[in-house]
Amino acid sequence: MKVGVVGATGAVGEEIIKVLDDRKFPATEVVAFASARSVGKKIKTKSFGTLTLQIYSFDIAKNLDVVFLAVSGGFAKKEAPLLAELEAGPIVIDNSSAFRYDDNIPLVVPEINVSAAKNKKLIANPNCTTAIAAMALWPLHQKFGIEKLIVSTYQAASGSGAEGMSELREESKTFLEGGQAKNKIFSHPLPFNVIPHIDSFQKNGYTREEMKVCWETRKIFGLPDLRVSCTAVRIPTFRAHAESLTIETRDLVTPEEARKVLSDAPGVKVVDSPPNLEYPMPITATEKYDVEVGRIRQSLVFGDKGLDLFVCGDQLLRGAALNAVIIAEFLLNNDEPAQKKAKTE
């Protein structure tokens, strides 16, 4: 099997190659595509040898079996359909928002709706914030039925890619050395600050990032009428998103029952012992495959048909690269997603 990664030097592209390597994806060849300024540079892997970065070529990509797109939506809109429409062309898994809201393109979190990707040539990866929350919400929905969802997010700089992480690192250094932190990537300086603004504001007063959570959760769960509200906030952490989730359920639910359901759910790690100071945090979720879930408690608003909980997941892994690779594994094996090599230590 021949695999291509487009955008191999970006934050998500780099992680896709690492995940393919870590999970020993059965590729006979991995082609790493990057911009002209990166051509010729090398990436060392354990499973695939040393990869040499090259400029994207449709003629090369069309002869691959799977192509991961970790590039802008504009590039994806242009190139993905051209590849996917070829009868003998590759399966394309796109990490941008270009196709997420197209009714004809499956939007997939493998542990939830991987069957939607079967026999499809173009598959959309969800927004990172949606994917992380969905891992905890889906098993609860299956058991208790979710009727309302309120989300508040605490999103890392990695949501704006390698450039966002670099700006946080460099401007934090400037601030600590007595200088004035500046901003190019974010709407305001991020060091020692929180910014309740991610993506563009919409006519309804919500940002597009907040609406993505609404739109995508409904599509992935197959619940077009699910009532969802979200407030998305950028915080000065590097690469793991945290989210506060409040749900109203159809059936009676207790924290104890919820912990049992979540403990049995694939891709989820219950971290919920406040007396021992154990709860989900970016520092413990970073570079881990599983989504941490904790602070599980009865809702003071919705009572015995509601819960409050807190989740944290690596935005570049569960929210992007890992999700995409597990989709490819399913398509290769034509089976349920493999839960292997979970980075929980």
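Quick notes on this one:
- Looking only at residues in segment 294-304 that are of a type outside the set (A, V, I, L, M, F, W, C) and in contact with a strand residue (DSSP E or B) (Cβ under 8 Å, 6 or more places away or on another chain), the one that is surrounded by the most Cβ atoms within 10 Å (Cβ to Cβ) is GLY294.
- Residue check, VAL30 β-branched (Val, Ile, Thr) and closer than 19 Å to SER158 by Cβ: no
- Flag if ALA98 is open to solvent by less than 10 Å² (accessible area, probe 1.4 Å), over 19 Å from GLU329 (Cβ atoms) and touching a residue at least 12 places away in the same chain (Cβ under 8 Å): no
- Selection over segment 39-74 of residues that are assigned to a helix (DSSP H, G or I), at pLDDT 95 or above and surrounded by 14 or more Cβ atoms within 10 Å (Cβ to Cβ) gives a count of 2.
- Considering segment 18-33, and only residues there that are of a type in the set (D, E, K, R) and part of a loop (DSSP other than H, G, I, E, B), the residue that is least open to solvent (accessible area, probe 1.4 Å) turns out to be ARG23.
- In this structure, LYS173 does not qualify as open to solvent by 40 Å² or more (accessible area, probe 1.4 Å) and under 19 Å from ALA70 (Cβ atoms).
- Residue under evaluation ALA320, criteria (1) in contact with a Pro (Cβ under 8 Å, 6 or more places away or on another chain); (2) crowded, with 24+ Cβ neighbours inside 10 Å; (3) not acidic (Asp, Glu), criterion not met: (1)
- Restricting segment 148-162 to residues that are modelled with pLDDT of 95 or more and surrounded by fewer than 18 Cβ atoms within 10 Å (Cβ to Cβ), the residue that is nearest to ASN95 (Cα to Cα) is SER152.
- Any hit, segment 305-314, residues being modelled with pLDDT of 95 or more, touching a helix residue (DSSP H, G or I) at 6+ places or on another chain (Cβ under 7 Å), surrounded by fewer than 21 Cβ atoms within 10 Å (Cβ to Cβ) and of a type outside the set (Lys, Arg): no
- From the options PHE75, PHE48, PHE25, residue that is of a type in the set (Phe, Trp, Tyr) and farther than 26 Å from GLY159 by Cα: PHE48
- Selection status of MET165, closer than 30 Å to GLN142 by Cα and either open to solvent by 10 Å² or more (accessible area, probe 1.4 Å) or of a type in the set (A, V, I, L, M) (or both): no
- The residues of segment 104-121 that are outside any helix (DSSP H, G or I), open to solvent by less than 20 Å² (accessible area, probe 1.4 Å), touching a residue at least 24 places away in the same chain (Cβ under 8 Å) and over 23 Å from PHE310 (Cα atoms) amount to a single one, LEU107.
- Residue within segment 126-140 that is touching a residue at least 24 places away in the same chain (Cβ under 8 Å), open to solvent by 20 Å² or more (accessible area, probe 1.4 Å) and under 20 Å from the mean Cα position of the chain (by Cα) present: yes
- Looking across segment 272-294, the residues that are β-branched (Val, Ile, Thr) and closer than 10 Å to VAL311 by Cβ come down to VAL291, VAL293.
The values are calculated or read from the model by the stated rules, or taken from the named source; none is laboratory data. In this text the structure is predicted, and so the values were computed from the model without any measurement. Heads up, the Cβs are rebuilt from the backbone with ideal geometry, glycines too, and the neighbour counts pull from every protein chain shown. The protein model used for the area step is the full one, side chains on, heavy atoms only, and it has no ligands, DNA or RNA in it. Shrake-Rupley method; radii C 1.70, N 1.55, O 1.52, S 1.80 Å.
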